[in-house]
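A.B. asks: One structure is given below, represented as structure tokens, and several questions about it will come after.
The values are calculated or read from the model by the stated rules, or taken from the named source; none is laboratory data. These figures come from a predicted structure and were not determined experimentally. For neighbour counting, all protein chains shown are included, and Cβ atoms are generated from backbone atoms with ideal geometry for every residue, glycine included.
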Amino acid sequence: MSDSPVSSEASPHEGRGGLTGLARVCARRPWRVIGAWIAAIVIIIAITASAGGTLVDEFTIPNSDTQRAIDLLEERFPARSGEAAQVVFVSSSGRLDEGEQQAAVNAALAAALTVDDVEAVGDPFEGLDGGLSEDGTIAFADAQFNELSFEVEVASVEELEEGVRAALEGSNVTAEFTGPVVLNSEGPETGASELLGVIAAAIILLIVFGSFVAMGLPIIMAIVSVGLGLSLITIAAAFSNFNTITPVLATMLGLAVGIDYSLFIVTRFREALNAGLSGPDAAATATATAGRAVVFAGVTVAISITALAVVGLDFITKLGLAASMTVIVAVAAAITLLPAILSLLGHRIGKGRLPFTKPRDESPEAREQRMVARWGRFVTNHAWIMGGLALLVLVVFIVPLAWVQLGSSDAGSNPEGTTSREAYDLLATGFGSGFNGPFLIAVDQAESPGAADALTAALRETPGLASVADPALNDAGDTAVVIAFPETSPQSEATSDLVSTLRDDVVPEALEGTSAVAYVGGQTAAFDDIASKINDRFPLFLLIVLGITFLVLTMAFRSIVIAIKASIATLLSALAAFGLLVVVFQFGWGIEAVGLDRTGPIESFLPIIVFAILFGLSMDYEVFLVSRIREQYVRGDTPREAIRHGISAIGRVVVAAATIMAVVFLSFMLGDDRAIKEFGFGLGVAILIDAFIVRLTLVPAVMHILNNTAWYIPRWVDRLMPGVTIESDATHVYAKKPGTAAADEPQ
């Protein structure tokens, strides 16, 4: 194929504007565009391989007790500023403090001390950073590292585990491992989730298009988007720390939007071919029309995710920035690389048709007979009833939010068989659930020597604490660490309440009259601080997202009513999804189906991240659906006719796109990590709710009831808005000359 299409003259109705011009260039010079993408991919991969960074789980919580405790210890008590791995021993017969069992444990402790990054190892028999259960069959010892958990190399953790197990070989004592260092080294795993999600998406695309070639294009675009997005994240990791869960979220989002955006443009391309345009002309037309909706949709997704920066938590900010990289790449690929490939393919887009199937009739008359078109007519014919039912279902889903508990899942939620889960269960059996989530209280007693002793005495009188260790002092004696073990597990609401009691009552009262200051830290305290930070900033985050999205949608659709309706509808979708998340992960209804055997709180950082992603993605369907309705409206349909014709034209694409996106998200529940399961479930269910209950039922019903009012915009607002709308300024960028046929059309 040459770079120049056969039909190179613009029609009298040729459109204008930046995207139209870009579409024309990509369609006329496809090989140059593809070559540029290949060059960019090679360069980015080369930079990634030579200068890419590594992902680390760094959590900083500015202006929090947890962060103050960490900072104090790093400054004055470096030996205690690092974090520990807990080695948990269990005897299959006999007490651990007797005979061969004790010798085996001592040998294992000696082996642990030889690991380079290990600063000190506890002694369970002396009660120094360790302990022995009452029946003597379970013991634990802390292996204190000289760095925070996210800074400890995985190789050091592996060396610790291998060395301890080798020392115990041949005895009747075994060891399991837990603690911040071990949990961080395990990292999130998704298994074959990505592959299964792609396979499921391919099957759905094959059903929709009926052609292997058409099916393959969105998959290729998604893989390119994810691959480049992850490479850019790796490059960015060389300059700043990104959490290990970042690529998981970026992959989920990249696969979903990469497939959806391509699906939308390929569908429009096939319609243009069916209307008689040549391959290059159809590619340019599809990009100049559907591509506008893709750009607007991508902008709303990017706005929603990057707005996470206002929360003020570095790891959440970078999650948003990293995920937005894959979205930006997906948009760029959809409006440049995809039209270039489509221009070359032309009518060959239908090659590889499924056996025993007939070519799809893409005419407007055929579209009106499809199930989704009949659904659109049914909804609009019974707008009040269907709108009311949709709203009722959403309210029912939202109700469980009244009982939501935000916090952190602990190692007890890890899959059975993992060393951290086995160690958790052993500690809970031997010492009580609270031993899995101790409070770390850092005491600055430079001006008041002995303050830590007074605080320790007060803590031992505090209800809810199972035990409190003696204070550990630094060499100068001006800083102490007190470890307090609660009676309840880290993810228990009672443990979270105890954090507040310690900070608000116990610590201030114990140190009253002294110049000492104490900060309550530890896992549960850290997640409480994260939740508090998010709750404080959430109104600002919501205001920014809603405000900017309102402006973008008002500009796109020239209607403040559409923009307000879209924002409210998306809020309902998000709240309904969160309600179902509570029902499954917190109440435990059907929890076995998601691969878990224990309930727990919803991760404190999860709702705001899910909301940001969902708000952007749900706007995809709002933009795809309402842009087609508006296109019919500006062509002369009445508002109510435009709704029906718009649904018949794009409804099948919305159904397919939502199903694909939901399958991609839900497939990530196949991994072992609880937080990733929550993300996958929350986003997958939210997309299904948003597409089927909100966009294809509630939205058309409300728009039908509003009639002309749906398109209302004050004149002064319209004058202030830039002259950019979501529909193209021409029906086709190119028009096929009468009596001619494109080179790639069958003769």
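A.B. asks: Find the residue count for the stretch 78-115, including only residues that are surrounded by fewer than 20 Cβ atoms within 10 Å (Cβ to Cβ) and touching a strand residue (DSSP E or B) at 6+ places or on another chain (Cβ under 7 Å).
C.D. replies: Selection size over the stretch 78-115: 3.
A.B. asks: Looking at the stretch 550-607 only, could you name the residues that are surrounded by fewer than 19 Cβ atoms within 10 Å (Cβ to Cβ), in a loop (DSSP other than H, G, I, E, B) and touching a helix residue (DSSP H, G or I) at 6+ places or on another chain (Cβ under 9 Å)?
C.D. replies: Listed by number, the residues that qualify are F587, W589, G590, G595, D597, R598, T599.
A.B. asks: Starting from residues that are at pLDDT below 80 and not in a helix (DSSP H, G or I), keep the ones in the stretch 637-675 and report whichever is farthest from I713 (Cα to Cα).
C.D. replies: By that ranking, first place goes to D672.
A.B. asks: Right, here's the next one. Could you check how many residues of the stretch 572-628 are within 17 Å of the chain's Cα centre (by Cα) and polar (S, T, N, Q)?
C.D. replies: Total satisfying the criteria: 3.
A.B. asks: Which one of the conditions (1) in contact with a helix residue (DSSP H, G or I) (Cβ under 6 Å, 6 or more places away or on another chain); (2) in the same structural domain as V717 (by TED's automatic domain parsing); (3) closer than 26 Å to Q144 by Cβ does V482 fail to meet, given that it meets all the rest?
C.D. replies: The number of the failed condition is (2).
A.B. asks: (1) outside any helix (DSSP H, G or I); (2) of a type outside the set (D, E); (3) at pLDDT 85 or above: which one isn't true of S409, the others all being true?
C.D. replies: (3)
A.B. asks: For the stretch 9-51, which residues satisfy the criterion of being at pLDDT 80 or above, crowded, with 16+ Cβ neighbours inside 10 Å and of a type in the set (G, A, S)?
C.D. replies: Hits for the stretch 9-51 are A23, A27.
A.B. asks: Moving on. So E98 clears everything in (1) closer than 30 Å to A428 by Cβ; (2) touching a residue at least 40 places away in the same chain (Cβ under 8 Å) except one condition, right? Which one?
C.D. replies: Tallying (1) closer than 30 Å to A428 by Cβ; (2) touching a residue at least 40 places away in the same chain (Cβ under 8 Å), E98 fails exactly one: (2).
A.B. asks: Sticking with this structure for a sec: Considering only strands (runs of 3 or more DSSP E) fully contained in the stretch 99-179, which possess at least 1 residues that are modelled with pLDDT of 90 or more and either in contact with a His (Cβ under 7 Å, 6 or more places away or on another chain) or not assigned by TED's automatic domain parsing to the domain that holds A237 (or both)?
C.D. replies: 138-145, 173-178
A.B. asks: If you don't mind, another one. Search the stretch 231-254 for residues being touching a Ser or Thr at 6+ places or on another chain (Cβ under 7 Å) and part of a helix (DSSP H, G or I), and hand back the single one that is modelled with the lowest pLDDT.
C.D. replies: V248
A.B. asks: What's the total number of residues in the stretch 61-86 that are more than 30 Å from the chain's Cα centre (by Cα) and in a helix (DSSP H, G or I)?
C.D. replies: 9
A.B. asks: For residues that are assigned to a loop (DSSP other than H, G, I, E, B) and in contact with a Ser or Thr (Cβ under 7 Å, 6 or more places away or on another chain), scanning just the stretch 472-493, find the one that is modelled with the lowest pLDDT.
C.D. replies: The extreme case among them is Q491.
A.B. asks: Follow-up. Taking only pairs six or more apart or across chains, which ones have beta-carbon atoms under 9 Å, a first residue in the stretch 516-527 that is part of a loop (DSSP other than H, G, I, E, B), and a second residue that is among the polar types (S, T, N, Q)?
C.D. replies: A516/Q445; A516/S448; G522/T66
A.B. asks: Can I ask one more? Under 8 Å by Cβ, and 6 or more places apart or on different chains, what pairs join a residue from the stretch 40-56 that is without any contact (Cβ under 8 Å) to a residue 60 or more places away in the chain with one that is among the basic types (K, R)?
C.D. replies: Nothing qualifies.
A.B. asks: Which is in contact with an Asp or Glu (Cβ under 6 Å, 6 or more places away or on another chain) and either in contact (Cβ under 8 Å) with a residue 40 or more places away in the chain or closer than 13 Å to G464 by Cβ (or both), of V482, V499?
C.D. replies: V499
A.B. asks: Can we say S500 is under 14 Å from V517 (Cα atoms), surrounded by fewer than 22 Cβ atoms within 10 Å (Cβ to Cβ) and either in contact with a helix residue (DSSP H, G or I) (Cβ under 9 Å, 6 or more places away or on another chain) or at pLDDT 85 or above (or both)?
C.D. replies: In short, no.
A.B. asks: Looking only at the stretch 232-242, how many residues end up being over 21 Å from A40 (Cα atoms) and crowded, with 22+ Cβ neighbours inside 10 Å?
C.D. replies: Number satisfying all stated conditions: 1.
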